[in-house]
Amino acid sequence: MNNKQLKERADKVIVGSYARYPAAMVKGSGCILTDAGGKEYLDFMAGIAVCALGHCHPLVTEAICRQAGELVHVSNLYYTEPQIRLAELITGNSFGEKLFLCNSGAEANEAAIKLARIYSDEGRYKIISLSGSFHGRTLATVAATGQPKFHKGFEPLPEGFVHAPFDDLQALEQLIDSSTCAILCEPLQGEGGVRPLGQKYLQGIKALCDKHNLLLIFDEIQTGLGRTGTLFAYQQLGIEPDILTMAKALGNGLPIGAMMTSSRIAAPLVPGTHASTFGGNPVACAAAVTTLEIMLADGFLAGVNEKGGYFQARLNTLVERFPTIISSVRGMGLLVGAVLSEQAVAHGTDIVNKMFDRGFLMNFAGGVALRFVPPLIVTEQEIDRLVAALGEVLAEL
Ligand SMILES: Cc1ncc(COP(=O)(O)O)c(C=O)c1O
């Protein structure tokens, strides 16, 4: 079956909530994806920051196959070793002491929201998040998301979520009242246009949490698991949250998410308060354990930092060549954005489509920046190829 035939079949039977490119992917290896017509793509999307070790990493595939031959699912009525091993690995390399395992980013944020409410004193339920943020597509996480376009048509949204304007600590403090229990933010807004909050802003948020006795929740669903050059972004920013959520790269492609916190804060989550049938599935956990072992091995995270620096430097050559199109380059590690100038944002989607035609996958985030989240195993040569092709596309505009 070719791309067109597969598209026609899909359009008949799959809900049309995604704007898909006209390609059906059939194979992946490293940073290369192949579609049903045999066309190859250099992938700087990595399944939206998921396949951090590249497609079908042989050791992850081996771990999945091994675990699938032993035990696939038992629910959380029983213990399973891959789940325990995964929680040990993550807590052993972060501030966390306890993990709640689930299946996606939104579900991890739901767990964080429920924990913030149950942990906090009676009457405290309100969560403040930031404008431009993205926290997921369930009703509560949509309500937490600070972008009205995601709310439209789904009102009334659950109560208890307010959004503070970006980079305005005074306005944020004004939103805090006796019903507030937590501040939720991404250390760098990914979907919002690769917009780092920066250390000073984050320190200010942390100080407000301390002053008003609020929990600080970091949504590291996109920034976590090596993407920014440390296991979690908070580790290089020097600001420790009370609760942290992760998903995306955790299973290198298998669906898995987690909410992490301290033993003290996790204490109210007693039996019966929260659950997920598939959460901590042994196969997903086995994939995650191997993914983490590779990321934590000597040199891996340092390599992400180096390649991120190289990538930003190469993109900066395009800022020099096309100053009226690209105004700046920003990001952390291999979560990189090329910010389009005001006059060029109308061309964002067009640039991405032209790159797609040439066999390069990337996207346009937040209506402001070309976003690149390649597998963390990307090479400098692959970065050079992407930048050269982008230069050609920009020259044609
Ligand atoms: C920061 C952030 N939070 C939450 C989510 C939602 O994750 P999921 O799509 O796995 O539910 C995303 C997804 O893009 C994200 O980038």
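Spin-label pair residue 11-residue 203: with each label point 7 Å from Cα along the Cα-Cβ axis, the two points sit 5.5 nm from one another. Given a 1.4 angstrom probe, I'd like the percentage of the accessible area of region 51-113 that is carbon and sulfur, rounded to a whole number. Taking all protein chains in place, region 51-113 shows 57 percent carbon and sulfur surface.
Net charge around residue 268, counting only other residues with Cβ within less than 11 Å of its Cβ (Lys, Arg = +1; Asp, Glu = -1)? The partial results should precede the final answer.
On the way: positive: 114, 117, 264; negative: none.
Summing Lys and Arg as +1 and Asp and Glu as -1 gives +3.
Above 13 Å, the calculated P(r) of region 334-397 contains 62 percent of its Cα-Cα pairs. With a probe of 1.4 Å, find how much accessible area region 204-328 has per residue, and write the answer as a whole number in Å². About 35 Å² of surface per residue is accessible. Which of the residue pairs 206/248; 98/200; 39/354; 4/39 have a Cα-Cα distance greater than 23 Å in the structure shown? Listed pairs above 23 Å: 206/248; 98/200. Entry comment: accessible area of region 21-145 is 46 Å² per residue, from protein heavy atoms only and a probe of 1.4 Å. Bin width 20 Å, origin at 0, all Cα-Cα pairs of the chain: what percent of pairs per bin? Calculated over all Cα pairs of the chain, the distribution is 27, 59, 14, 0 percent.
Count neighbours as other Cβ atoms within 10 Å of each site's Cβ, and list the trypsin sites (Lys or Arg not before Pro) in region 141-219 that are DSSP loop with at most 10 such neighbours.
152
Sparse packing (at most 14 other Cβ atoms within 10 Å of the Cβ) combined with a DSSP loop state is found for the following trypsin sites (Lys or Arg not before Pro) in region 12-98: 20, 39. Compared with the rule-of-thumb size 2.2 N^0.38 Å for a compact globular protein, region 115-185 has a Cα radius of gyration ratio of 1.07. Annotation: Cα Rg of region 19-128 relative to the compact-globule expectation 2.2 N^0.38 Å equals 1.45.
The values are calculated or read from the model by the stated rules, or taken from the named source; none is laboratory data. Bear in mind the structure is a predicted one, so any value in this text is a computation, not a measurement. As a convention, Cβ positions derive from the backbone with ideal geometry for all residues, glycine included, and neighbour counts pool all protein chains shown. Keep in mind that these areas ignore ligands, DNA and RNA; they rest on the heavy atoms of the full protein, side chains included. Shrake-Rupley method; radii C 1.70, N 1.55, O 1.52, S 1.80 Å.
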